[in-house]
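What follows is a set of notes on a single structure, which appears directly below.
The values are calculated or read from the model by the stated rules, or taken from the named source; none is laboratory data. Predicted model, so just to flag it, every value in this text is computed and none were measured. Glycine also receives a Cβ, built like all others from the backbone with ideal geometry; neighbour counts cover every protein chain displayed.
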Amino acid sequence: MFIQINEVNKQYNDKENQPVDVLKEINLSIDKGQFVSILGPSGCGKSTLLSIVAGLTKTTSGQILIDGKTISKPGKDRGMVFQQAALFPWLTVMENVTFPLKKEMKKKVAETSALKYLQMVQLGKYLSHYPHELSGGMQQRVAIARALAMNPETLLMDEPFGALDEQTRSRLHLQLENIWMETKKTILFVTHSISESIKLSDRIIVMGTKPGTILQDITVDIPRPREEYKKEILEIEDHIMSYLKKEIDKVVSEELEYANSH
Amino acid sequence: MQTAIKRMIFFAAIIAFWELGSRMELWHPLIFPSLSSVFSALAEGLQDKTLIYDLIASFKRLAVGLAISLVIGTLIGILLGKSKTADDTLGAVILALQSVPSIVWLPIAIMWFGLNEKAVIFVTILGGTFVMALNMRTGIKNVSPLYIKAAQTMGANGIDLFIRVIFPASIPYVVTGSRLAWAFAWRALMAGELLSTGPGLGYTLRYASDFGRMDIVIGVMIIIGAIGMIVDQLIFQRIEKSVIKKWGLES
């Protein structure tokens, strides 16, 4: 097992100082090189779980092991891509991508490596542009190149395409699939889109809300590229939907309750 | 275009009223001199270089005072932005001091440094420091947590994180702070010079007033205003605009 999530619990205190369970007894093992989606409605703690793996959030109890080592803080072995590109606006595309490499290698070497990944996301011609000169989709591609540039074993992606339009999203799906096949990274991909998770991943972890728990672990066994297998995709979609239906109803009824009580 | 025409007509009307009013002796030249006499006073001052020397003297003090106030203000601002304890204690004092006009410090400055240039520079420094500190503090506090998280996942932490991410991310506030610090320091300097010694624009202003040279008084006032406007519009507002664009803060 490459990534091992053992008995992870996460609580936080609400306004009345009452503990609220965000994640409850999460256990998960992920093989090296696997593309795993974490799928669930908003509020299921999927982003929190990813943030814990990244080392940005502490667990209340339980631990996470990567390659046998316990995770306690962020590290370059785990590259992270956020929903917003989080590029530094005062740096050019090239400077953004070489940001994580500055300390450990000479500028020339860093730039050669950065260029490789920028070409992988087809942005080799935008090296001296600033982030504000790029579209949202291009910015997100730079962010992916930046995470890849430090050559991490694991790529953590928190709804990376959530803020993009449909066409851009499907283009980036293809690119990400190619990058994954080329680089053999282990990818943890958080999303709330069922079709996105089926399109991309080997395995889908379906999560439920209140508290955040793992409902189902689904293996997606459809050959790639997957566009041609519409029937199989639909089958898995229905399968996942049967689990999520209850969760979505739960969220909706809670929202209605909240609306009525205010 | 419309605005430009309106402005031109407006200023032409004021200038015409001013010059005609003086010539028709609607008011005494000692109360308000004519435009042409102001111009000739300015020309005279430029020719015998007294105004040039005044300008250089004032700018020297401003450069020293503003530079020191920007450095101190930045350091205090960083301290307030990073340390909650400092913000709760020193921060409250800075906020209170910010509302004290810096010229109020002149009597105490004269006691400490004597009636000389140092006292004026001290007042200029105080003029810029607090506003710079408060802007720097806001800048540090407003850095997007996303930038910090992203940098942490890329191995940055501690002082490295500050220098490479937190400080550059707060540059828009540094620019605004500098612009306000310049404006406050410029006002403080003029007030300080008016009340202490020369050479300098402020000193010449009082000197001319003492001798009843209203044409020089108005002339120097025009210079002071023009410099303020030029530096603000041509330098600071341009920098601010380009920074806002680059940092993606345009609304």
Handout entry: Of all residues in the stretch B:72-86 being surrounded by 17 or more Cβ atoms within 10 Å (Cβ to Cβ) and not aliphatic (A, V, I, L, M), the one that is farthest from B:PHE162 (Cα to Cα)
Key = B:GLY73
Fill in the blank from the handout: Expected single match for more than 17 Å from the chain's Cα centre (by Cα), part of a loop (DSSP other than H, G, I, E, B) and away from chain B (no Cβ under 11 Å) among A:LYS58, A:LYS108 is A:LYS58
Handout entry: Conditions (1) among the charged types (D, E, K, R); (2) modelled with pLDDT of 85 or more; (3) outside any loop (DSSP other than H, G, I, E, B): number failed by A:LYS73
Key = (3)
Practice task
Could you check how many residues of the stretch A:28-42 are modelled with pLDDT under 85 and surrounded by fewer than 22 Cβ atoms within 10 Å (Cβ to Cβ)?
Solution key: 2
Exercise for the section: Give the residue that is nearest to B:LEU249 (Cα to Cα), with candidates limited to residues of the stretch A:76-97 that are part of a loop (DSSP other than H, G, I, E, B) and at the interface with another protein chain (Cβ under 7 Å from one of its Cβ atoms). Expected result: A:PRO89
Handout entry: Test: B:ALA96 is in contact (Cβ under 8 Å) with a residue 60 or more places away in the chain and more than 23 Å from B:ILE227 (Cβ to Cβ)
Key = no
Exercise for the section: May I ask you to list the residues in the stretch B:203-227 that are of a type in the set (Gly, Ala, Ser) and within 17 Å of B:ALA57 (Cβ to Cβ)? Expected result: B:ALA208, B:GLY219
Handout entry: Subset tally (residues that are surrounded by fewer than 21 Cβ atoms within 10 Å (Cβ to Cβ) and out of contact with any Gly (no Cβ under 9 Å at 6 or more places or on another chain)) for the stretch B:61-71
Key = 4
Practice task
Could you please tell me which pairs satisfy a Cβ distance under 9 Å, a separation of 6+ or placement on different chains, a first residue in the stretch A:120-134 that is free of Cβ contacts under 8 Å to residues at least 24 places away in the same chain, and a second residue that is surrounded by 15 or more Cβ atoms within 10 Å (Cβ to Cβ) and in a loop (DSSP other than H, G, I, E, B)?
Solution key: A:GLU133/A:TYR126
Exercise for the section: Considering every residue within the stretch A:157-175, establish whether at least one is away from chain B (no Cβ under 14 Å), touching a residue at least 12 places away in the same chain (Cβ under 8 Å), part of a strand (DSSP E or B) and crowded, with 21+ Cβ neighbours inside 10 Å. Expected result: no
Problem - Test result for A:TYR130, within 14 Å of chain B (Cβ to nearest Cβ), among the aromatic types (Phe, Trp, Tyr), surrounded by 18 or more Cβ atoms within 10 Å (Cβ to Cβ) and over 21 Å from B:VAL243 (Cβ atoms) - result: no
Practice task
Working carefully through the options A:ILE64, A:ILE52, find the one that is in contact with a strand residue (DSSP E or B) (Cβ under 8 Å, 6 or more places away or on another chain), in a strand (DSSP E or B), farther than 30 Å from B:LYS245 by Cβ and more than 12 Å from every other protein chain (Cβ to nearest Cβ).
Solution key: A:ILE64
Practice task
Could you pull out the residue among B:PHE167, B:PHE184 that is within 14 Å of chain A (Cβ to nearest Cβ), more than 28 Å from A:ILE71 (Cα to Cα) and among the aromatic types (Phe, Trp, Tyr)?
Solution key: B:PHE167
